[in-house]
Structure formats: C-alpha cells, structure tokens
Amino acid sequence: RAQGAKTYRLGITTPPGHSWNVSAEALAKRLSEETDGRLAIQVFPSNQLGNEGAMLQQMQSGALDMAWIMTAELGTRVPSIAAINAPWLVPTTAGVAKLVRHDAALKLLDVLPAKTGTIGLGYGITTLRVVFTGAETSGIEDIRGMKLRINTTPAYRDFYQLLGAAPTPIPTPQVFDAMSNGQVDGLEADLDLSWNQRFDKVSKTMLRLNALFMPCVALVSARSWQTVPEADRELMTRLIREELDKQVDSTAATETTILKNFSESGIKVVDVNLDNTADIIAEYDKIWLPKAPAISELREVGATL
Amino acid sequence: MNDDSGARRNGWAALTSVSQGILAIEKVVAGLLLALLLTLILLNVGTRMLRMPIYWIDEASVLTMIWLGFIGASVMIRLRIDFAVTLVQDNLTGSAAQSLRAVVSGLSLAFALGLLVMCWMWMDPLGIIGHGFDAESFAAETFNFLYTERTQTLEWPTWLVSMVIPIFAATLTIHTAANLVEDLRLCPKREQEQMTTAEEAN
Amino acid sequence: MLTFGAFTALMLVGLPISIVLCLTAVFYIWSSGNTVLFMSFPTQMMGGLDSYGLIAIPLFILIGEVMNGGGITKRMIDMAMAFVGSLKGGLAYVNLLANMFVSSILGSAAAQVALMSQMVVPEMVRAGYDKTFAAGLTAYSGMLGPIIPPSIMFVVYSVMAQVPVGTMLAAGIIPGAMLTVAFCVVIAGMGYVYNYPRGPRLPWRQRVLTVLRAVPTLAIPVVIIGSILTGLANPTEAAALGVVVSVAVGRFVTGDLRLGQLPRMFVKAGVLSAGILFLIAGAAVFSWVLVYGMIPQTVAAWIQTVAHDPLTFMLMVNVILLVIGTVIDGAPGLIMTVPILLPIATDVYGIDPVHFGVVAVVNLVLGFLTPPVGLNFFVAAAVTGAKPGKMFLVTMPFFLVACSILILLSIFPVLSTFFN
Ligand code: NA
Ligand code: NA
C-alpha cells in the first residue's frame, strides 16, 4: 500500500475465504489499483471489530467506514427490511441472484440512512437455506415438533414456528456439537456453511425447503460517507456494485457443486413437496405484511423470475 | 488537630461509608444474579427435555452473566482482590509501598472517571431529554441509535440492558475514590470481609 | 511503542490487569487521534462478555465453593488414600491422585491448591516429608486443575477462539493424563532417591468402607461429563447440573453442607467469577483497539520473517508464553496473548486452533509455577508457610518433566486433537 494512502476500514463477520470476504478483498485491490494507491481499504474479517451490532454502532459514530451486514441483523432493527427474509419469494438460488438486483429489493435499502445511519449500496447473497435433521425425514411436515436451531432473526423465528418447530438460537461455533449430541433435533443454514461445517456428518436428512436465503448488505457509514469527495464516492459505489455482482453470480454457480458434494457424501437429500405451502404463506404474511409491506411486491416480482 | 481537618476527615469517612453501603448491596445483587443464572440454565435444560424450549432464555442468561460480571468486578476492585502483578509492590515496604498503592488507586479512579465520561458521550442523556425522549428524532440528528434498538430475542430496549456499564462506571468511581482516600490515610481503612481463595483454607 | 511502555509500567505498579488493559486502550485511542472510538468503548466492553460459553465460569466456581464447603473434597482425598496410601511415597501419590479427582470437577488452579495444601500437606509433614517438598508437590498437582476437564481456562480460550467449548474441554484429557503419569514417575524416582516413607497400611475392610463412602461424590463428575456425552446438556448446562448434584451430595451424602451456607457461597462465587469476566471485558476492548491500530497484522508480519514453518512458530510461541508466564499466569496471560497469536497460528501456519489452545493453556498453567510470580507457589506458601523460592528448586524435576511434555504437545497435534 502506498504511503499516505487514505485507508477506509471494512468490517465483515465471515472468515477469510468466504465469498463475501473474497468480494471485499477484490474491492480493496481494485480501489487501490484504480486510484494508483491514493485510496485503500483494509478488510477486518471474522468479527475482529465486534459483532454486527457493534459494527453498526461503529459505523454510526464514524469509526468504521463500511461493513457487509446480514439482513438478519438489519431486519431485527428495521422490520421493513425483513421483507427480503420472507419465505418462498423465489424458488431457486438463480432466482435469488436476480431478485436482489431488482429495484423492488434495492428499494428496501432506502430507509437505512434514517433508521440506521448507514447507506446500503447493494446485496451479496448466500445459497438457499436447507434444514438438516438428526433423524431421517421425508417432508416439511416432519419438522413439526422439532427442536430446531435457527439463525436468530424474528422473520425466521416466525416462519419455523409456523412449520410447527420450536426454534432455538445456538451460536454458530456450537451448532455442530449441539447437533451431534442431540441438544437439537435439527438445524437450518445455508449450503455454503453447511458444507464447510460438514453438517451431513451429524444428520440423516437434508431437506431442501427452498424457502429462505440470507443476503448481506454492503453498508457505508453515512457519517464517514459525507467526508468522501463526490468523485470517489461514485468510484467506490461502482466498484462495490461490480464486486457484489460477481459474488452473486458466483454463488448461484457454486450451488450445483455443493449439492453434488452432499449427494456424494451419502446423506439423504429431499426436495420437499411444496404444493401445500399456501396456508403457511398466508399465515406468515398475516404477521409480517403490516411490518414489511414490501413482501407482496417481492412475491409478485419473484414469481416472474 | 484542629476542627477543620476533623471535619474534612468526616467528609472522607462519609465517602468510604457510601462505598461500603454500595458494596453491601452489590454483594447481595451478585449472589442473586448467580442464582438467577443457575435457574435460567436449569430451566433451559428442563424445557428442552419437555420439547418446549424457550426462545429467549439464552439471551436472558448471557445478559444476566454480563450484569454479574460488572457488578462483581466493582466489588473486587473495592476489595483489591482483582488479578494484578504485585511483584514490585510485594518487594516494597512502608511508605514506598503505601505510595504505590495510592498510585494504583489513583489510576483506577482515573479510568473510572474516563469510563463515566465515555458512558455520558455514548448515552447522551441530555440529548435524548432534549428530544423529549423521541428516540427516532434523536437518532436522526445525532446518528446515535441506542434508544431505537432492541435486543434480538427478548426484544428489550438495548439501552436498558446496557445500563450496567454506566452503573459500573459510577460504583467504580466511588469505590476507587474510597480506596484512594484510604491509601492516602485521609481516613481509617474499612474492615473488609475476605473473599480470596487462599484464606479459604485457613 | 509508547503504548507498550505505558502498558508495562501500569502492569508493574500493580494496577489490576483488567484496568491495565482498559487504560492502555484509552491511552492508545488518545495517542492515535481516532477519538471517535471512545463512543464505542462501553459497548465493546459489554460485547466482550456477550458469549454463551462464558456462563460456565461462574457455575464451575460455584461448584468448587459447594464442594469445599460440603466436605466433598475431603471424601475424595480419603478415597485416594485408600487406593495408594500404602505405597512408598504413598502420601505423595495421594496428593497427586486426590488432585486428579478434584481436577475433574474444579476449574481453577488456585482454588485447588489452597484446598489441597490445607488438607494433604499437614498429613505429609506429620508422616515425615519435607514441608517444602510437600507444598511444592501440591503446587504442581494444581497444574492438573485447569487442564483435566472441566477447565475455566479452556472455556475462556474456546470463547476467544470460537471453538466449541466441549471440543476444547475434551482436548485436555490426554495432556492431563500425560502430566499425571509423568508426575507419578517423578514421585517414584524421588521417592527412591530420598527414601520417602510409606503410608499406614489400612485394613482392607476400612479401605473398602472409605471408597464406598466416597463413591457418591463421584456422581458430580459423572453428571457433568455424562450429561455432555449423552447430549442431555451442553457444557454450560452440565455445570448447572453439577451445582445441583454437588448441593445434593453435600446435603444428603456427606451431610456437611447446611443450606444456610448457600447464600454466602453464591455471593462469593459470583464475585470471584467476576474477576475473570471483567478481565475478558478488558481484553475485548484492548484487542479491539489493537486491531484498529493494525498491531496484530504488524506482529504477524514480523513473526513470519523469523519463523518459516509451523513447528518453529510453535516453539517460538512457547518461549514467548514462558517469558510472559513468569510474570502473568493463567487466564490473564491467555487473554492478552491469544488475540494476537491465534490468528497468526491459524491463518499463516495452518495450525489447528484446538492444538494451539492446548499448548498455550498448558504453557500458561506452567506459568503458575515459575518465579518470580507463580500463583500456585504463592497459594501453597500462604497456606503452609513454606518458602516459594525454595519450593521451586526442590521441585525442579517436575518442572523439567512438565516442559518436556509441553514440547511433545507442541510437536504432536494429535495429542490435543485426538477427541475432535
Ligand atoms: Na478441571
Ligand atoms: Na509465573
């Protein structure tokens, strides 16, 4: 890095190697190249600067310039954002890749400056989430009565409760153990993490509900953004969007590989029958439409993708 | 000894009395928090076995532990039983050791005051009062979203569960000031109940 | 550099380590001019404790309080006596073995050494052992507490390294067993050289009775470990169940525990555990500030120019930690070094975090036994009246053996990761 470069700090929860981190590192590299070292980005992975809540607070005070923050965290604070975490907006990861670049999804970020003191420049994604069950299962109805570890966000809690599960939050590093010694009957996670952690080793069945996905939002601190010259803002915005685009496309492409890995690992993979989801969707929307009205538009858009 | 210094001594003694009063309360609260913590964890085992896990118990128990940590830490500092490198202190005697102890208490007091200031900046009580407790408009103007946030599963106000830090800063200020006036021999040292491990065996 | 100077000075005047960490962080923020970080300081302190695994710490300390107050530890010592008391150097083995039983429950070295010094050392002196040796041996046996599961230090490490608590606890089994066996060998050797006395040979009937009397106390480790293995509970919940069982055993089996004692035990365990929790909170702010200042990255770059392979790195870490461990023992040492060294270990040298944790913990536990600051010696000295310096010299064979085991643990990761 050139001496005297203006360095921006970018915080991220996932460890080096995760596709979100790859996009952040690529962004840092390109920004430095395109400005001949005048601007630089230092990436802080693995919650080094604190968890997502702490990073948001640091962006609000202006200590931290950027962060990739998951919509689970944002949706807990700003319910209207949780619209993107509603079940069955789109049926495939390829559809997810299109949805998060659609205006209907990007519009959700408009409230962020007022509600969180940050500006959302776009989404990164993960693959669609799956449910692993310790006992052998064959359909969505088998989730009923299960103690299910979920990612802690109100949208997910309500969805899995509607499926009849008893959702319980367990920190990510302890999920594998909790599953292997039977503290929970099942867990839900995205495919990337599931393959990394080899959840197939502690489960009998992987249920593909194709219901949920967990995007992150590339956020910049509104406070520090004010101090960035107009031209640099445009450059950074462009680079961030380009790198997110690559991340979104590559994630959609890796899904096939991960699915293949799982089926070769010997775990039973079930594409669950989704014919009778209308009731669940109706129940869910009854709870969430008042808080996140954008859900109906996202459903309409999703159906066309 | 003239009346004036006698009165001042009483003033310092009043400070250590306040510290002792707070200490007594803190001990009871620490015991109760640990009892609550134990209850929450056992409740979690029980309800999970009955297949009715309670969603917010994990967060409630972590918050209980956090409160326990800071309130207990305040006690430890007053009793001077926190982990410390006492290498130099142990090899000094008489007034040199006494002065060093005063330096330690003084530095601790400096930190306590610093933390108090940081809490003030962070919680900005005058700011939120100035906005008539309207968290939204306060946040819009100051970019401080403390009062609009809620915890993840209990969905309690974040500022409320965070109150342990300013409380800690305040009690720490009083305790370290009490330690300091004792070290400076401005008033007699208070008798403290021992809590260290070595004493356990005697 | 200035920050490092301030840090060392604050540490040496005897300021509580937690406050040293916080004040150094304040100082560093100030001198870096990035004063906006002060706004996040309180949240960051609180965030440092925002971890479910840490809940096990107050609960383990509470178990220790209940066991000591409930006569449970005493029963375990009697049981060890019945097993090995009549061997040559019998009481020395009793000391070690009793420590091992208690280690399987107590998470802290200081608590264990205090208790054992009080219960076993007088007995050894009466039987004709040198007091300094007896006290020194107890100090070494106290090494087992934080290594044989459960262990507060492993809990602290697992939270910092984001490794499952259960995995980390299991990782202590083999190193704990190795140390126990090695110390037995040293006792046998020293017993032969110095002609240690045999303990009284108890009649078989009495031996059986003693063991039977103590058997119910084993319910405590059985419940703690069993509930984890069967999936009834995670380590934190197992600790909570352990509290319940030890109260029941103390009340209904030994009968020494009065329920009226409980409130005081809760207060004491609550306050004592806060010592560790506040330290972790301080370390959280400290390492967060260092990360903002890119210090870990700078240290990592320097280390890479010196150590070119994982083994060299591990040996270097051992030297660094042994030096740190002369002055700062146990959990505080762990808390200050892990944030800097662990990312280098895992990201640069590809070392398994469990392996790294075992080496770091065993090393810093050995710090309890190195002068000038060696907590185990101090505690043993406070209770028995023996001199810490002399204790260190008399027990030198134990030190050398422990160092050898440390090197083995550094070279062979499988000794730490076998139960993964
Ligand atoms: Na132990
Ligand atoms: Na030492």
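Restricting the stretch C:325-335 to residues that are part of a helix (DSSP H, G or I), within 11 Å of chain B (Cβ to nearest Cβ) and of a type outside the set (S, T, Y), the residue that is surrounded by the fewest Cβ atoms within 10 Å (Cβ to Cβ) is C:V327. Considering the stretch C:18-37, the residues that are within 9 Å of another protein chain (Cβ to nearest Cβ) and within 26 Å of the chain's Cα centre (by Cα) include one that is nearest to A:G53 (Cα to Cα), namely C:C22. Inclusion of A:I295 among residues that are touching a helix residue (DSSP H, G or I) at 6+ places or on another chain (Cβ under 8 Å), part of a helix (DSSP H, G or I) and within 21 Å of A:G120 (Cα to Cα) is warranted. Here the stretch C:311-354 is the region considered, the condition is being among the small types (G, A, S) and in contact with a Pro (Cβ under 8 Å, 6 or more places away or on another chain), and the residue that is nearest to ligand 2 (Cβ to nearest atom) is C:G330.
Only one residue in C:L96, C:L137, C:L115 is among the aliphatic types (A, V, I, L, M) and at pLDDT below 85, so which one is that?
Exactly one of C:L96, C:L137, C:L115 is among the aliphatic types (A, V, I, L, M) and at pLDDT below 85, namely C:L115.
Looking at C:L2, C:L62, C:L12, just one residue is of a type in the set (A, V, I, L, M, F, W, C), within 8 Å of another protein chain (Cβ to nearest Cβ) and farther than 30 Å from C:L179 by Cα, and that residue is C:L12.
Filtered by the rule that a residue be farther than 21 Å from B:M49 by Cα and crowded, with 19+ Cβ neighbours inside 10 Å, the stretch C:222-255 gives C:S246, C:V247, C:V249, C:G250, C:V253, C:T254. Taking the stretch C:201-274 as the region of interest, the helices (runs of 4 or more DSSP H) fully inside it that hold 1 or more residues being modelled with pLDDT of 90 or more, within 14 Å of chain B (Cβ to nearest Cβ) and over 22 Å from the mean Cα position of the chain (by Cα) are C:235-248.
Does C:T180 meet the test of being among the hydroxyl-bearing types (S, T, Y), assigned to a helix (DSSP H, G or I) and over 30 Å from C:L49 (Cβ atoms)? Answer is yes for this residue. Looking across the stretch A:70-89, the residues that are aliphatic (A, V, I, L, M) and buried (at least 24 other Cβ atoms within 10 Å of the Cβ) come down to A:L74, A:I81, A:A82, A:A83, A:I84, A:A86, A:L89.
Taken over the stretch C:81-122, the criterion of being among the small types (G, A, S) and more than 16 Å from ligand 1 (Cβ to nearest atom) is satisfied by C:A82, C:G85, C:S86, C:G89, C:G90, C:A92, C:S117. Checking the stated criteria, C:F378 turns out not to satisfy the condition of being under 30 Å from C:Y194 (Cα atoms) and within 16 Å of ligand 1 (Cβ to nearest atom). Is it the case that the stretch C:38-48 has a residue that's crowded, with 24+ Cβ neighbours inside 10 Å and more than 11 Å from every other protein chain (Cβ to nearest Cβ)? No - not one qualifying residue is present in the stretch C:38-48. Where helices (runs of 4 or more DSSP H) fall entirely within the stretch A:102-168, those with at least 3 residues that are surrounded by fewer than 22 Cβ atoms within 10 Å (Cβ to Cβ) and not hydrophobic (A, V, I, L, M, F, W, C) are at A:154-162. Could you identify the single residue in B:L100, B:L109, B:L113, B:L92 that is more than 7 Å from chain C (Cβ to nearest Cβ) and surrounded by 17 or more Cβ atoms within 10 Å (Cβ to Cβ)? Going through B:L100, B:L109, B:L113, B:L92 in turn, just one is more than 7 Å from chain C (Cβ to nearest Cβ) and surrounded by 17 or more Cβ atoms within 10 Å (Cβ to Cβ): B:L109. Within the stretch C:134-176, restricting attention to residues that are crowded, with 24+ Cβ neighbours inside 10 Å and among the hydroxyl-bearing types (S, T, Y), the residue that is nearest to ligand 1 (Cβ to nearest atom) is C:S151. Candidates A:V202, A:V220: the one that is surrounded by 18 or more Cβ atoms within 10 Å (Cβ to Cβ) and at pLDDT below 95 is A:V202.
The values are calculated or read from the model by the stated rules, or taken from the named source; none is laboratory data. Only a predicted model underlies this, so the values are computations on that prediction, with no experimental measurement involved. All Cβ positions, glycine included, derive from the backbone under ideal geometry; neighbour counts span all protein chains shown.
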